[in-house]
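S.K.: Handing you this structure, nothing more for now.
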Amino acid sequence: MKFWQISLTVLTTVFKVVQLQCISPNDDFVNASYSPDLSGITDFGVSLYKQLSSPSSGKNFFFSPYSIWSALTLAYFGSNGNTQRQLATTLALSDKVSTAKKWKELYNLYERRQINNTVYTFNLANRAYFHETLNVRPCMQKLLHKEMRTVDFRDIVGSARDINAFVSETTKGRITEIVQPSTLRDVLMVLVNAAFFKGTWRYQFKPSATSQKPFFINAQDTANMAMMSQKGMFRYGESAALNARVLELPYAGEVISMFLLLPNPALPLETRFESMVRNLNGKNLIEALDMNKLTFQTVDILLPKFRFQMQINDELKVALARMGIIDLFDENLADMSGFALNEDLNIDKTIHKAFIEVNEEGTEAAAATALISVLRAHDAREPKVIQFHCNEPFLFLIHDNQTKNVLFLGAIRNPRG
């Protein structure tokens, strides 16, 4: 399988005067190696998914919690007062110094991988575009020296072209436009995060095994869908807390995996997906993905091929406000004085785009070698085969196994979209 995932988050600020330190009392932070706890990102991502995706909608959904978290963390660095407290609480950030360490260490880790890795592609990039007249604080220039760009937002056409070129380059041309010139009228700052992942299955699906099979949308409605199929040894587990079964599908290199969550088949089809989502929280998800609790089993897999793109605009603001980030979007309450002196800023627009394509392509040699290494040829008994058929609504996520970071999260509910 070859997988493309692209995610983009854009926050735009408008002109709206407090003067405080923006990172720490001495406006300094440490660049030393740091092992960040990313469980807060998982909590945030799950909560945001539940706010954005209505259980009753029956629609497919896909987004990058990490992309949105990254863009909001950029905003957090420039926030003060109650705006800072709301962002810190919702994003599970303790203080700006430790957050800056986490930010830099993650950035450096993904940059090293981008340079040294040859089996998959994961691009992650942040940009903070400031209007050329904005008096950006020196400490913010120090923190964001790699991400910061100065532009003339009076030239809305040229500024949109610059931002979209950055997006297109980061996403390998999969998303070519995130802002239109009209989006940038009266803007002083644009915060952008772009993420792109392209990987191949560690154990490939053979195209010849793909066929049209029914997908059970609910008890009354089915639709045919191209289903990929294979049987092999995979990490499998069951989560009583989620009322779900869990399967890991590793990508080549095994640093990043797709995890599939199927609801408990003992429950009625009409309610079991909703039951799983209702039980979903950061703690339960982290426990369900714990490699030490998953065991290698012989699994018969059905997984649909799918491809779709989503764009989330102001509904993202509404969801974040329900989660506690309120002042950031209010021109009278927002305190973004950490970014610039003598300026009043607030976040005016939010844009999040995500694209995903899943199909059979993969690394055939690696799959064959790995299958040989895990099968126990000396055991002549027929192994128990677990059926893991994703022919009903299910959750999927892309997980960084090293950092325990949930990069992307989605649900397939309906082949018709």
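S.K.: Among the listed residues THR210, THR222, THR200, which satisfies the condition of being at pLDDT 85 or above and over 26 Å from VAL119 (Cβ atoms)? Please lay out each step first, then the result.
M.R.: Details: THR210 fails: over 26 Å from VAL119 (Cβ atoms); THR200 fails: over 26 Å from VAL119 (Cβ atoms).
When all the criteria are applied, what remains is THR222.
S.K.: Sticking with this one: Of all residues in the range 160-179, which are over 23 Å from PHE408 (Cα atoms) and in contact with a helix residue (DSSP H, G or I) (Cβ under 6 Å, 6 or more places away or on another chain)?
M.R.: Passing the criteria: only ALA160.
S.K.: For the range 190-226, give me the residue count where each residue is out of contact with any Asp or Glu (no Cβ under 7 Å at 6 or more places or on another chain) and closer than 30 Å to THR176 by Cα.
M.R.: 13
S.K.: Does THR73 meet the test of being within 21 Å of the chain's Cα centre (by Cα) and assigned to a helix (DSSP H, G or I)?
M.R.: For THR73, the condition - within 21 Å of the chain's Cα centre (by Cα) and assigned to a helix (DSSP H, G or I) - is met.
S.K.: If a residue has to be in contact with a helix residue (DSSP H, G or I) (Cβ under 6 Å, 6 or more places away or on another chain) and either in a loop (DSSP other than H, G, I, E, B) or exposed (fewer than 13 other Cβ atoms within 10 Å of the Cβ) (or both) to count, how many in the range 112-159 make the cut?
M.R.: Number of matching residues: 2.
S.K.: When the residues of the range 326-343 are narrowed to those that are closer than 12 Å to ASN80 by Cβ and of a type in the set (D, E, K, R), which ends up farthest from the chain's Cα centre (by Cα)?
M.R.: Looking at the filtered set, the residue picked out is ASP335.
S.K.: Among the residues of the range 278-294, is any of a type in the set (A, V, I, L, M, F, W, C) and within 23 Å of THR210 (Cβ to Cβ)? Spell out the reasoning first.
M.R.: The initial filter retains those residues of the range 278-294 that are of a type in the set (A, V, I, L, M, F, W, C), namely 280, 285-286, 288-289, 291, 294.
Pick out the ones that are also within 23 Å of THR210 (Cβ to Cβ) and you get none.
No, that holds for no residue.
S.K.: Quick check on VAL385: is it aliphatic (A, V, I, L, M), over 25 Å from TRP69 (Cβ atoms) and modelled with pLDDT of 75 or more? Walk me through it before giving the result.
M.R.: On the way: aliphatic (A, V, I, L, M): yes; over 25 Å from TRP69 (Cβ atoms): yes; modelled with pLDDT of 75 or more: yes.
Against the criterion (aliphatic (A, V, I, L, M), over 25 Å from TRP69 (Cβ atoms) and modelled with pLDDT of 75 or more), VAL385 qualifies.
S.K.: For the range 329-354, what are the residues that are touching a Leu at 6+ places or on another chain (Cβ under 8 Å), closer than 15 Å to LEU188 by Cα and either of a type in the set (D, E, K, R) or not in a loop (DSSP other than H, G, I, E, B) (or both)?
M.R.: PHE329, ALA340, GLU343, LEU345, ASN346, ILE347, LYS349, THR350
S.K.: Hey, could you check the range 323-371 for residues that are among the aliphatic types (A, V, I, L, M), surrounded by 20 or more Cβ atoms within 10 Å (Cβ to Cβ) and closer than 27 Å to MET140 by Cα and say which is modelled with the highest pLDDT?
M.R.: ILE325
S.K.: Can I ask one more? Evaluate the following for SER229: is it in contact with a Leu (Cβ under 6 Å, 6 or more places away or on another chain), of a type in the set (Ser, Thr, Tyr) and farther than 27 Å from GLN402 by Cβ?
M.R.: Numbers: in contact with a Leu (Cβ under 6 Å, 6 or more places away or on another chain): yes; of a type in the set (Ser, Thr, Tyr): yes; farther than 27 Å from GLN402 by Cβ: yes.
Answer is yes for this residue.
S.K.: Suppose we filter the range 93-111 for residues that are touching a helix residue (DSSP H, G or I) at 6+ places or on another chain (Cβ under 9 Å) and aromatic (Phe, Trp, Tyr); how many remain?
M.R.: Going through the range 93-111 one residue at a time, the tally reaches 1.
One line per residue, one yes/no per condition, for (1) at pLDDT below 90; (2) outside any helix (DSSP H, G or I):
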residue	(1), (2)
LEU48	no, no
SER54	yes, yes
TYR66	yes, no
SER98	yes, no
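S.K.: A follow-up question, please. Could you tell me which residue of the range 37-46 is nearest to ALA223 (Cα to Cα), considering only residues that are among the aliphatic types (A, V, I, L, M) and not in a loop (DSSP other than H, G, I, E, B)?
M.R.: Only one residue fits best here, namely VAL46.
S.K.: Still on this structure: Before we move on, is LEU320 closer than 24 Å to TYR76 by Cα, out of contact with any strand residue (DSSP E or B) (no Cβ under 7 Å at 6 or more places or on another chain) and buried (at least 17 other Cβ atoms within 10 Å of the Cβ)?
M.R.: Judged against the criteria, LEU320 is a match.
S.K.: Pick from the range 400-416 the residues that are buried (at least 22 other Cβ atoms within 10 Å of the Cβ) and of a type outside the set (Gly, Ala, Ser): which of them is farthest from GLY45 (Cα to Cα)?
M.R.: If we take residues in the range 400-416 being buried (at least 22 other Cβ atoms within 10 Å of the Cβ) and of a type outside the set (Gly, Ala, Ser), then ARG413 is farthest from GLY45 (Cα to Cα).
S.K.: Just give me the residues in the range 101-119 being within 17 Å of the chain's Cα centre (by Cα) and closer than 23 Å to TRP201 by Cβ, in sequence order.
M.R.: Residue satisfying the conditions is TYR110 alone.
S.K.: Does the range 83-96 hold any residues that are in a helix (DSSP H, G or I) and more than 16 Å from PHE339 (Cβ to Cβ), and which are they?
M.R.: ARG85, GLN86, ALA88, THR89, THR90, LEU91
The values are calculated or read from the model by the stated rules, or taken from the named source; none is laboratory data. Every value quoted in this text rests on a predicted model; they were computed, and no experiment measured them. Don't worry about glycine lacking a Cβ; one is built from the backbone with ideal geometry, like all the others, and counts go over all protein chains shown.
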